[in-house]
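The structure under discussion appears below in the form of structure tokens.
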Amino acid sequence: KELWQDVPLAPPDSIFKLTAAFKADTFEKKVNLGVGAYRDDNDKPWVLPVVQKASTHSLASQRVLSDTSLDHEYLPITGLALFTSAAANLILGASSPAIQEQRAVSVQTISGTGANHLAALFLSRFYKWNGAPQIYLSNPTWANHHAIFKNVGIEPVDYPYYDPKTIGLDFNGFIGALQNAPERSVFLLHACAHNPTGVDPTSEQWAAVADVMIAKKHYAFFDCAYQGFASGDLDKDAWAVRHFVEKGVALLVCQSFAKNAGLYGERVGALHVVSSNEETAGRVKSQLSVLQRSEISNPPTYGARVVSLILNDAQLFEEWKEDIRTMAGRIIAMRKELHRLLTEELKTPGNWDHIIEQIGMFRADRSGANERELQLHGNQWGAEQAAG
Ligand code: PMP
């Protein structure tokens, strides 16, 4: 009998299958609405000018990436310290009590996916589960979340989030789920620009969520793949995370630089675990190191060097913020223009305000499941799940 005879054939990943089909298609006006990656006015990927600069131009205080004296030695297990500490400041805020009190632990990961995985693995080993390990995921969520948690033996459970009737947040359903879940449940929260609906809670709603989480001793598993991409402002998009830290909700944050730095393929990200004191943080870090060692030994250098240069150089940081405003601004302008075309120009029946009320690259409508990336070119209302 052939060894792998009983291995079932898995279906190809729908998004990457679509991308392959897109590449093979010779139609001139083709548009790929599947993958969650930023495109410019010519439907092309955009290398951020600041990233180009960090790679090639000379900088006053720092090495540039083209510097031949940079070697290719291994990074420490937890990654490039200059990168992870600047990344923590970026999401938590430099004046965060968690940073001031040295109780935030940061580990460099294989982009946001790797951060989600390492965090899931850590929880599977060390979280004090109240019953069988399970995580509450918004309905809907980034499809990969289900697989990431199942992989480490944590059962995904849905919580109400999107309401197709209002094309907005099912806030009562969300709060109800938080209230009814057993104490110390783990809730995955999208820090901003919810994938795949583009529907985010308001700051008042976030504050109410934090209050229930404190009361029920729930754990907040923040996934932050779009900081800066939602509003164009890095601090604004970090509001929920910072509010939760201030309120003392137990939490971790998975951080990706794929979208906001346009470094998709370089796989640069971080996991930040906020503990209640410095001593606990040290123990958490020691175990994250053990897990990381067995999985990838140490993270890759290139993307971390690029982001570290940008975050640690005042001028480059300003230029990056400008690039982020360019991307977020275009996305917001696309929403406005699509809304204008549908309502004023085409006088399409119905209310289209959700297009300008939703945020980031994704959008949802009355059919709910048909989330897709927002691109103004073309009118292909396919049913692809937004991904990336
Ligand atoms: N979380 C969410 C919600 C996402 O949308 C994405 C990207 N599609 C990721 C995590 C991870 O992306 P990456 O691994 O490329 O950083």
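What follows draws every value from the coordinates through simple rules; no lab data is involved. The shown structure was predicted, so the numbers you read here are calculated from the model rather than taken from an experiment. Cβ sites come from the backbone with ideal geometry, for glycine too, and all protein chains shown count toward neighbours.
Phi-derived couplings, Karplus 6.51 cos²θ - 1.76 cosθ + 1.60 at θ = phi - 60°, listed residue by residue for the range 120-132: 4, 4, 4, 4, 4, 8, 10, 6, 7, 5, 9, x, 5 Hz, with x used for Gly and Pro. Size descriptors for the chain (Cα atoms only): Rg and Dmax, in that order, 21.0, 66 Å.
If the chain linking Thr202 and Leu70 were pulled fully straight, counting 0.36 nm for each residue of separation and taking away their Cα-Cα distance, it would gain 43.0 nm.
For the range 336-344, the Karplus equation 6.51 cos²θ - 1.76 cosθ + 1.60, evaluated at θ = phi - 60°, returns couplings of 4, 5, 4, 4, 5, 4, 5, 8, 6 Hz by residue, with Gly and Pro reported as x. A simple charge model with +1 on the Cβ of Lys and Arg, -1 on the Cβ of Asp and Glu and nothing else charged puts the dipole of the chain at about 480 debye relative to its Cα centre. Rounded to 0.05, the FRET efficiency of the Glu246 and Val290 pair, given R0 = 25 Å and the Cβ-Cβ distance, is 0.25.
Protection proxy ranking, highest mean first, for peptides 250-260, 123-133: 250-260, 123-133, where packing is the per-residue count of other beta-carbon atoms within 10 Å, averaged. For the peptides 354-364, 271-281, the ranking by mean Cβ contacts within 10 Å, running from highest to lowest, is 354-364, 271-281. The packing ranking, built from the mean of other Cβ atoms within 10 Å per residue, places the peptides 243-249, 78-84 in the order 78-84, 243-249, highest first.
For the pair Arg283 and Asn351, label points projected 7 Å from Cα toward Cβ lie 5.2 nm apart.
Putting +1 on Lys and Arg Cβ atoms and -1 on Asp and Glu Cβ atoms, find which of Ala181, His146, Thr202 reaches farthest to the positive end of the dipole of the range 107-211. Of the options given, the answer is His146.
Between Thr26 and Ala147, the simple spin-label model (points 7 angstrom out along Cα→Cβ) gives 3.2 nm.
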